[in-house]
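The values are calculated or read from the model by the stated rules, or taken from the named source; none is laboratory data. In this text, all values refer to a predicted model and were calculated from it rather than measured experimentally. Ideal geometry is used to build each Cβ from the backbone, glycine not excepted, and the neighbour counts take in all protein chains shown.
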Amino acid sequence: MEFVLRTPDDLQRFLVEREIRAELLRDIGHTPTVPAAARALGVEPEQIIKTLLFLVERPGQTEPAPVVVISHGERRVDKAKLAERFGVGKKRVTLAPAETVAMLLGYPAGGVPPFGHANALPVIVDASIQEAVERHGGVIFGGGGDDRTMMRLTLAELLRVTNAEVLAVS
């Protein structure tokens, strides 16, 4: 299946068109990990959010249902908590492979922004982000469309734009 990956320019257009209060920080260096991104930006790792795609196999469905999960820092998403939310066993929740991420969200794994995806999918924001960002004036940094671009925004703006469910999943 052919698809075209989106770029930070596509994300910038999305921000402008929807009047989203966020700023893309380009060419900050290679940021493949949360610690690398935090160092490049001069911020705490807990201010870095990551956008992950999980696949949930539900009874009676032929295809797994994708769900976007936004977590922070180096915290791991607890698949058991995610499974509980969807009423399935832990083994029915898997992290999507990079190709699926690119196909469904439109951005490469490692640079996925928290919104502006190719497909509108349900979004869960980990409740622990709220606790962490209170110490930093609500400012967070997420993927900006590739591994050299980050987006600066506030938690309030993230929640407004994504209309996410806030749930403790890490």
Q. So which strands (runs of 3 or more DSSP E) stay within region 51-165 end to end and still have 3 or more residues that are among the β-branched types (Val, Ile, Thr) and under 25 Å from residue 32 (Cβ atoms)?
A. 65-72, 123-126
Q: Take region 84-124 and flag every residue that is crowded, with 19+ Cβ neighbours inside 10 Å and among the small types (Gly, Ala, Ser).
A: 96, 102, 106, 109, 111, 116
Q) Restricting attention to region 51-100, and to residues there that are under 14 Å from the mean Cα position of the chain (by Cα) and among the basic types (Lys, Arg), which single residue is modelled with the highest pLDDT? A) 76
Q: List every residue pair whose Cβ atoms sit under 8 Å apart, with the two residues 6 or more apart in sequence or on different chains, where the first one lies in region 92-103 and is free of Cβ contacts under 8 Å to residues at least 24 places away in the same chain and the second, anywhere, is part of a strand (DSSP E or B).
A: none
(Q) Name the single residue that is surrounded by the fewest Cβ atoms within 10 Å (Cβ to Cβ) among those in region 22-35 being under 17 Å from the mean Cα position of the chain (by Cα) and not acidic (Asp, Glu). (A) 32
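Restricting the search to region 1-15, which residues are among the aliphatic types (A, V, I, L, M), under 19 Å from residue 111 (Cβ atoms) and surrounded by fewer than 18 Cβ atoms within 10 Å (Cβ to Cβ)? Reasoning before the result, please.
We begin by selecting, within region 1-15, every residue among the aliphatic types (A, V, I, L, M); these are 1, 4-5, 11, 15.
Of the ones still in play, those that are also under 19 Å from residue 111 (Cβ atoms) are 4-5, 11, 15.
Selection gives 4, 5.
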(Q) For region 1-49, which positions are modelled with pLDDT of 95 or more, assigned to a helix (DSSP H, G or I) and closer than 14 Å to residue 112 by Cβ? (A) 8, 10, 11, 14
